[in-house]
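Everything on this sheet refers to the single structure shown next.
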Amino acid sequence: MAEPVGTCANCGAATATSRRKHARYCSNACRQRAYRQRVNEPVTALDSFIGRDDELSCLTTLRDNRVLTLIGPAGVGKTRLAKEFTAGQGVVWVELASESNVVRACATALGVGEPALSALVCALADQTAVLVLDNCEHAVAECAALLEPLLLGCPGVRVIATSREPLRVPGEVLFAVRPLPLRRAVELFADRARANQLGLRIDNSEVLAALCARLDRLPLAIELAARLVTVLPVPELLARLDDRLELLNRGNRTAAERHQSLRAAIAWSYDRLSADEQHVLRCLAPLPGDFGLDVALAACDLPADRVLALLSALVAKSLLTFSGAGRFEQLESVRLYGRERAFAGDQPGVPAANLEAVPPRVGPRGETTKTADQ
Ligand SMILES: Nc1ncnc2c1ncn2[C@@H]1O[C@H](COP(=O)(O)OP(=O)(O)OP(=O)(O)O)[C@@H](O)[C@H]1O
Ligand SMILES: [Mg+2]
């Protein structure tokens, strides 16, 4: 491990020496920030960006792909990572969360008068351009229908998309955005908590780690939780996390509606599921965060091949992950949301007895304390 030898030219943190030279910046994020300051570009966000050095490096190696989709669950940081990654590159940003007419949104962003595919192809045919399609999940079919002819007709155009679900167009490369590493999640919580309460002392690192692990290390959930330090001590906040869907409800005023609360962020995905997908999500809610296929099949009162297809749809929509070890994993916040919907009597329901079967608990490192297979 490299010894600290100097200070970062951007943020002043300790830097290490690399094999070839002393590092001028402590991270890729700081290197990019310094670059932006040099070219006098407006900052992309008003609050600090934490971590993601590895992701930024990896994205750099993938930048020549025609369609690069940053994929991941609600609030994991896809849009923010895309912003940091594309800063300084003169990209055309197309925000789709509030607009499902993708052609019209692209035409507006590009300043093309006529909102038609042919007009877009005509305008971009001889151009070199990067389009960022942000928050595509509710318009994936429209995005796919636009992108294939657009990319075929415009060889100099590349697309970076952010979505909870793949666009499924030829040539698409998927880049999975994972929750922050625990250390970075804690850093983000401390940063936002101190901004909400200047001078706040947070010295119990075990409690902070447990809090961030139970919030699935998701930046959105962490930012929403950090708002509460003005009314709840951190241990108290941790103790109340079973009620997070009620508690985490004060987003930035300027944020999109679905980022005003954790419930709204997950509902944005849930409301777009088919009735059967919603049913399976509710059936999975009593299970622990990590379970095998046999347990999933037993939890859902549907034929096995149907359940398999529905599990696969939930994985594609970032509501479930499938690990290499053949296990399914569910974020604690998603499980709590599924329980809430089941108790709310969404049809067809899950027996209340099942819902009590396994309490939704994870340890400080994100590990489950009880599994249904045990
Ligand atoms: N690495 C990070 N450092 C600091 N803040 C972050 C980081 N990643 C995300 N955030 C913040 O967390 C919040 C949610 O992030 P973001 O909007 O990028 O999530 P998302 O994955 O695009 O969510 P959605 O699926 O709803 O579109 C934002 O306020 C964002 O600025
Ligand atoms: Mg987003």
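Condition check: away from ligand 2 (no atom under 16 Å from the Cβ), in a loop (DSSP other than H, G, I, E, B) and at pLDDT below 95. Does Asp64 satisfy that? Considered against the rule, which asks whether it is away from ligand 2 (no atom under 16 Å from the Cβ), in a loop (DSSP other than H, G, I, E, B) and at pLDDT below 95, Asp64 comes out as yes. For region 201-223, does any single residue satisfy the condition of being of a type in the set (S, T, N, Q) and at pLDDT 95 or above? Looking for residues that are of a type in the set (S, T, N, Q) and at pLDDT 95 or above, one finds none in region 201-223, hence no. One residue alone among Arg104, Arg80 is in contact with a Pro (Cβ under 9 Å, 6 or more places away or on another chain), within 12 Å of ligand 2 (Cβ to nearest atom) and outside any loop (DSSP other than H, G, I, E, B), and that residue is Arg80.
If the requirement is being closer than 23 Å to Pro179 by Cβ, within 16 Å of ligand 1 (Cβ to nearest atom) and in contact with a helix residue (DSSP H, G or I) (Cβ under 6 Å, 6 or more places away or on another chain), which of these qualifies: Leu331, Leu320? If you could, list the steps in order and put the result at the bottom.
Values: Leu331 fails: in contact with a helix residue (DSSP H, G or I) (Cβ under 6 Å, 6 or more places away or on another chain).
After ruling out the rest, the residue left standing is Leu320.
Right, Glu95: surrounded by fewer than 17 Cβ atoms within 10 Å (Cβ to Cβ), of a type in the set (Asp, Glu) and within 14 Å of ligand 1 (Cβ to nearest atom) or not? Spelling it out, Glu95 is indeed surrounded by fewer than 17 Cβ atoms within 10 Å (Cβ to Cβ), of a type in the set (Asp, Glu) and within 14 Å of ligand 1 (Cβ to nearest atom).
Here is a yes/no grid of residues against (1) farther than 19 Å from Phe189 by Cβ; (2) of a type in the set (Val, Ile, Thr); (3) surrounded by fewer than 23 Cβ atoms within 10 Å (Cβ to Cβ):
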site: Gly51; (1), (2), (3): no, no, yes
site: Asp54; (1), (2), (3): yes, no, yes
site: Thr60; (1), (2), (3): yes, yes, yes
site: Arg63; (1), (2), (3): yes, no, yes
site: Arg66; (1), (2), (3): yes, no, yes
site: Thr69; (1), (2), (3): yes, yes, no
site: Lys78; (1), (2), (3): yes, no, no
site: Gly88; (1), (2), (3): yes, no, yes
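If you go through region 115-174 and keep only what is under 21 Å from Lys317 (Cα atoms), free of Cβ contacts under 8 Å to residues at least 40 places away in the same chain and either open to solvent by less than 60 Å² (accessible area, probe 1.4 Å) or of a type in the set (Ser, Thr, Tyr) (or both), you end up with Leu133, Val140, Ala144.
The values are calculated or read from the model by the stated rules, or taken from the named source; none is laboratory data. The structure presented is a predicted model; accordingly, all values stated were derived computationally and were not measured. When we count neighbours, we look across all protein chains shown, and the Cβ atoms used for this are built from the backbone with ideal geometry, even at glycine. For accessibility, only protein heavy atoms count, side chains too; no ligands or nucleic acids. Shrake-Rupley method; radii C 1.70, N 1.55, O 1.52, S 1.80 Å.
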